[in-house]
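What follows is a single structure, written as structure tokens, with notes after it.
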Amino acid sequence: MDEAATIHMSSRAHGLFALLVSLVAALSCSMETQTDVPVEPPVEVVLDHSASEVVELLEALLKRARDLPTSASRRGDLGMAYEVNGFPDAAFASYEQAEALDPNSARWPYFQALLLADRGRQPLAIAALDRAIAIDASYGPAWVRKGTWLLDLGKPALALDAFAQAESRGAGAAAIVGQSRVALQQRRPGDAVALLEPLSREFKHPVVFQLLGRAYRESARIDDARIALARGRTLRPLQLEDPWQESKRGYEVSFVHRASRAQEMIHQGEPAEAIAILETLLEQQPDNRVVISNLATAYRRDGDPIRGFRLLRGAIESDPDYYAFHVGIADYYRERGNIDAALTHVDHALKLEPELAMLHSTRGLLLHEQDKPDAALKAFDMAIDCDPRSREAFMYAGQVEAGRERWPQAVLRYEEAVRVDPSYTVGYLNLSAALAFANRFEEARTALLQAQQLDTHPREVESALARLAEMERRSE
């Protein structure tokens, strides 16, 4: 159906939408205010190519803004809905209108600043941000953003003051990371180390370790730098905790936005919340592969694997050529000990996606559970051929070799795992064990010291050191 066509909603759908509009009204960011300032009409956009749910929401919010044209909060609501549903220009103009109607609310210039920064217009963004800070200087994220943009503009001294203000207002890790960036830009690596070392013990984020590695390297602490950079190898941006920005999520109604949000919830350990979203999306698009697969995963994570299995079984009957359905069913069978059935589905998935390393590794694990070590090793080698950076495939192969007490071969596999990922603590632990069983005690101790420096599994390392000492004593 053409998304621009008129949508005829069922009575149930009308009820759900009325609930959504009520929620939107409750999410208004400031009290509705009235003013004697000449009032411009609310911003309107062309919705011919928008999804039906976006059209419904924006038309409802536009009507609300027209019904009370002096309300700043209603203009702001409309602006937030425009922004998160793909209309940034209309959002910016709506925030300007909201600020004109209520110059005492910091959120409207703050949201303007974020949009300006997204367009690469940092000087104007800082000017808008200063208007927000003049109204509410207690909001830490505003100071973090100001420091970041000042640093982008090559003004480290001003940036440092902004980050210090952010820290004093509870912005936490983001403020300390900002100060360390300034220190590095000003060629003060020692100060950066002093900031980042204690932070890294409490806040183990890749960005912290990347900066700490750079600070160590610039302080000529090469070994420490190598370890810190290994721990920061994952590419994951540092997310600023920003409740004002987060408040816009309530206006994300497009199918893509909600599907992405549900997937985030699954990863964050919130399967029940994801299920509520995904079930609604499935009603809209009953054949959507990604929604079906994610919903089955959410059911399993929420403690209802049978429901997930039934969903996948139904989907696979009409759509047998989507590999993720077979993987989900294989997981179900494996958890119940039916390895033959799990292998059947993994093999089918491999016919559909023969270059996917994860599938070869999964097959190897199943074959290992069937006590077929040679076949399992062959599968893990296939995974490595598909992805030479797969630390897990090397690790699994090492486990197979260790199970056969072929210690030299196990050592080689574990060495490859930590070569691929020098921050892989479990790899060093297994490498140490294999070296110890091969009576290579000094090398085993060196591997454990590497694991100890990573400081991710301190109890396991301590236990391994004790076991190593006992094995040495017995070998004498």
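The values are calculated or read from the model by the stated rules, or taken from the named source; none is laboratory data. What you see is a predicted model, and the numbers here were worked out from it, not measured in a lab. Neighbour counts run over all protein chains shown; Cβ positions are idealised from the backbone, glycine included. Surface accessibility is based on the protein's heavy atoms, side chains included, excluding ligands, DNA and RNA. Shrake-Rupley method; radii C 1.70, N 1.55, O 1.52, S 1.80 Å.
Values computed for the structure shown
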quantity: Unmet requirement for Ala134, which otherwise passes all of (1) modelled with pLDDT under 95; (2) in a helix (DSSP H, G or I); (3) open to solvent by 70 Å² or more (accessible area, probe 1.4 Å); calculated: (1)
quantity: Flag if Asp331 is under 30 Å from Leu449 (Cβ atoms), open to solvent by 20 Å² or more (accessible area, probe 1.4 Å) and among the acidic types (Asp, Glu); calculated: no
quantity: Test for Ser254: is it polar (S, T, N, Q) and farther than 30 Å from Gly76 by Cβ; calculated: no
quantity: Pairs, first of a type in the set (Ser, Thr, Tyr) in region 307-335, second surrounded by fewer than 20 Cβ atoms within 10 Å (Cβ to Cβ) and not in a helix (DSSP H, G or I), C-beta under 6 Å, six or more apart; calculated: Tyr323/Glu353
quantity: Segments classed as helices (runs of 4 or more DSSP H), wholly inside region 185-290, with at least 2 members that are closer than 25 Å to Asp319 by Cα; calculated: 255-267, 271-284
quantity: Count of region 303-313 residues which are among the small types (Gly, Ala, Ser) and open to solvent by 40 Å² or more (accessible area, probe 1.4 Å); calculated: 1
quantity: Residue satisfying all of: in region 239-258; open to solvent by less than 80 Å² (accessible area, probe 1.4 Å) and modelled with pLDDT under 90; farthest from Gly140 (Cα to Cα) among these; calculated: Phe255
